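The values are calculated or read from the model by the stated rules, or taken from the named source; none is laboratory data. Just so it is clear, the structure is predicted and the values come from calculations on it, not from any experiment. Cβ sites come from the backbone with ideal geometry, for glycine too, and all protein chains shown count toward neighbours.
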Amino acid sequence: MKASNRRFWLALTLFSLMGQVAWVVENMYFNVFIYKMFNASAADISLMVGASAVSAAITSVLMGAVSDRIGKRKLFICGGYIAWGLSIFGFVLLREDTLAALFPAAASAAALGVSLTVVLDCVMTFFGSTANDAAFNAWLTDSTTKENRGAAEGINAMMPLVAILAVFGGFMAFDLNEASSWTAIFIIIGAATLLCGVAGLFILREPDIKPSSESVARNITYGFLPSTMRGNAPLYTTLALFVLFNISIQIFMPYLILYYEVSLGMTDYVFVMAPAIILASVVTALWGRVYDKRGFGYSVFFSLLWLCAGYVLLFFFKGKLLVFIGSLLMMCGYLAGMAVFGARIRDNTPTGKAGALQGVRIFSQVLIPGVVGPFIGKTVLKNAETVVNGDGTVSFVPNEGIFAAALGVALVLSLLLIITTKKKNKGA
């Protein structure tokens, strides 16, 4: 299928955006949900993010291999999005009053709420990773070429920021301290995700791929075989560097909204963030084309420069203007980095193995960073200041230390990129 086809760009935009809206709610607002509704600790948030990351990785390895074996992407994308939407409806039941009525013998409805949120998050992640991480990402690799992959990845990579803007704007209508608001949010997001899956039945085209002759078991293990790694060294080098990039992001991302709202007292953080998100989205959409023209080394250098500069400003300053500039630079670096790493990974993915290698990609993008990053963040916040809530419970206050830790990892990544680039040049 030619990427110039309008139907392709429509499908890319729709599924990428709706998938990211659902992931934004999970990755940024589930943390707020259990923090506000069940007084979750930093350890609880770290556990939830880690469990979800493990679920995403296992699902991507298994379902990516299955989709390669069957030779179909559309079935898994559309069916996955429909099931994903239905699973989000399950969170409607996660309210202290509902849980207390359903489980009167429970010692603490709040503790039960945290546990059930973690479990349901993993269930939701199974469907979401099947649809988006495994099938949709394989479809995108199958449907693009080296000539347009950067441009397509630029659109794909900007969608998290567009999704953040949509979610931030939509959530302004809700008081997130009220359980009824979360009920409405889960119904809306669940319905939108489900309808996206239904729409895909009509607009999504199956890429021209053949069912893999390998067994599912062989496809599952393919990406982890030493022979595969030796035969695709540039791919695995990029994936290893991508691990560090995502660890840096996951150190602060689970606590970002809480930092704005609780630590900085920015109850109007949506108005501060919206312009930053819009500008960063434009930069990201254009940066994919820079990758197509100038290559990985040039485009990743500036991505990391922006990211590190954003961390520095967010660590040292608390005023709205400098927080805005720091957030803009951080978001530009984050999403531009995702675009160039994503394009580089797709460029080095062997033909016919896009599904089988989605699990390896998720290990580097989600599993390892999703476990290590929040753990580092939790460790940094171990002795964080606490506040007493109106109901007498105690909550932690995220501090700027998360940005210092994220900067440290980003600097290590920058050093390794310089070393690998020099080795490549010497080898040439």
Number of positions in the stretch 206-235 that are in contact (Cβ under 8 Å) with a residue 24 or more places away in the chain and hydroxyl-bearing (Ser, Thr, Tyr): 3
Reported set for the stretch 110-165 where residues are farther than 25 Å from Leu286 by Cβ and either without any contact (Cβ under 8 Å) to a residue 24 or more places away in the chain or of a type in the set (Asp, Glu) (or both) is Leu112, Ser115, Leu116, Val119, Asp121, Asp133
Residues of the stretch 289-328 satisfying the condition of being in contact with a Cys (Cβ under 9 Å, 6 or more places away or on another chain) and either touching a residue at least 40 places away in the same chain (Cβ under 8 Å) or β-branched (Val, Ile, Thr) (or both): Leu307
Anything in the stretch 21-60 that is more than 17 Å from Val123 (Cα to Cα) and polar (S, T, N, Q)? List them, or say none. Asn39, Ser41, Ser46
Which ranges mark the helices (runs of 4 or more DSSP H) fully within the stretch 229-339 that have 3 or more residues being out of contact with any helix residue (DSSP H, G or I) (no Cβ under 6 Å at 6 or more places or on another chain) and either closer than 24 Å to Met48 by Cβ or among the aromatic types (Phe, Trp, Tyr) (or both)? 296-316
Quick check on my filter: what residues within the stretch 290-323 are surrounded by 16 or more Cβ atoms within 10 Å (Cβ to Cβ) and among the charged types (D, E, K, R)? Asp292
Please work out if Tyr81 is in contact with a strand residue (DSSP E or B) (Cβ under 8 Å, 6 or more places away or on another chain), in contact (Cβ under 8 Å) with a residue 12 or more places away in the chain and either among the aromatic types (Phe, Trp, Tyr) or part of a helix (DSSP H, G or I) (or both). no
Looking at (1) modelled with pLDDT of 90 or more; (2) among the β-branched types (Val, Ile, Thr); (3) farther than 30 Å from Thr221 by Cβ; (4) surrounded by fewer than 24 Cβ atoms within 10 Å (Cβ to Cβ), which is the one condition that is false for Thr98? (1)
Enumeration of residues in the stretch 290-308 that are at pLDDT below 85 and in contact with a Gly (Cβ under 6 Å, 6 or more places away or on another chain): Tyr291, Asp292
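Here is a yes/no grid of residues against (1) surrounded by 19 or more Cβ atoms within 10 Å (Cβ to Cβ); (2) modelled with pLDDT of 85 or more; (3) assigned to a loop (DSSP other than H, G, I, E, B):
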{"residue": "Trp9", "(1), (2), (3)": "no, yes, no"}
{"residue": "Leu12", "(1), (2), (3)": "yes, yes, no"}
{"residue": "Gln20", "(1), (2), (3)": "yes, no, no"}
{"residue": "Ala56", "(1), (2), (3)": "yes, no, no"}
May I ask you to list pairs of residues, at least six apart or on different chains, whose Cβ atoms are under 7 Å apart, with the first in the stretch 260-288 being touching a residue at least 60 places away in the same chain (Cβ under 8 Å) and the second being part of a helix (DSSP H, G or I) and among the polar types (S, T, N, Q)? Met273/Ser327; Trp287/Ser299
Failed item in (1) part of a strand (DSSP E or B); (2) of a type in the set (Gly, Ala, Ser); (3) under 29 Å from Tyr298 (Cβ atoms), with Ala343 passing the rest: (1)
